[in-house]
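One structure below.
The values are calculated or read from the model by the stated rules, or taken from the named source; none is laboratory data. Bear in mind that the values here come from a model prediction, so they are computed numbers and not experimental data. All Cβ positions, even for glycine, are placed from backbone atoms using ideal geometry, and neighbour counts span all protein chains on display. Heads up: the accessible areas ignore ligands, DNA and RNA and are worked out on the full protein's heavy atoms, side chains in. Shrake-Rupley method; radii C 1.70, N 1.55, O 1.52, S 1.80 Å.
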Amino acid sequence: MAKYLLLKHYRGGPQPHPNAAAMMDEWTPEEIEVHIKYMDDFAEKLRERGEFVDGQALSPEGAFVRYDGEGRAPVTDGPFAETKDLIAGWMVIDVESKERAYEAAAELSAAPGKDGKPLHEWLEVRPFYGVPSTVEYP
């Protein structure tokens, strides 16, 4: 029993998108609505099972910040990550096993995209370090 972070990347599916961060710019408003509804319905299924903790979509925009000595925190728009390394969103689940985390990630990977076809996008599945589960299983 453990918490897992499911990271959605701007990587695309089996065939990487040449500009995956802008991929949704090519979708119709209806396709975006269907995609978001799938995500919401998936989260609701996880809630009903007692497995959903939290989740959010992320913008490709952002900044890098690091400690640079007392009183200084440089902010920059780089180092420039490759598009495949940008995170599109995340979901935290609390499940009985690693296998269940993989099963949930695979279902999330099937979210519809352009033309209503499943994205088959890659999701990174990461267990939380040293965080006990909050779900009690029989």
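Hey, could you check region 96-128 for residues that are in contact with a Ser or Thr (Cβ under 8 Å, 6 or more places away or on another chain) and open to solvent by less than 50 Å² (accessible area, probe 1.4 Å) and say which is nearest to GLU31 (Cα to Cα)? Per the criteria, the residue is LEU119.
Filtering region 44-69 down to residues that are outside any helix (DSSP H, G or I), aliphatic (A, V, I, L, M) and closer than 15 Å to TRP90 by Cα, which residue is most open to solvent (accessible area, probe 1.4 Å)? Working first, answer last.
Initially, region 44-69 is screened for residues outside any helix (DSSP H, G or I), giving 50-69.
Subsequent filtering for residues that are aliphatic (A, V, I, L, M) retains 53, 57-58, 63, 65.
Narrowing further to those that are closer than 15 Å to TRP90 by Cα: 53, 57-58.
Numbers: VAL53: 65, ALA57: 88, LEU58: 72 Å².
By that ranking, first place goes to ALA57.
Might you check whether a residue that is within 12 Å of the chain's Cα centre (by Cα) and either at pLDDT below 80 or outside any helix (DSSP H, G or I) (or both) occurs anywhere in region 107-114? Within region 107-114 (the criterion being within 12 Å of the chain's Cα centre (by Cα) and either at pLDDT below 80 or outside any helix (DSSP H, G or I) (or both)), the answer is yes, since at least one residue qualifies. Here is the figure for region 1-34: residues that are at pLDDT 90 or above and within 13 Å of the chain's Cα centre (by Cα) total 4.
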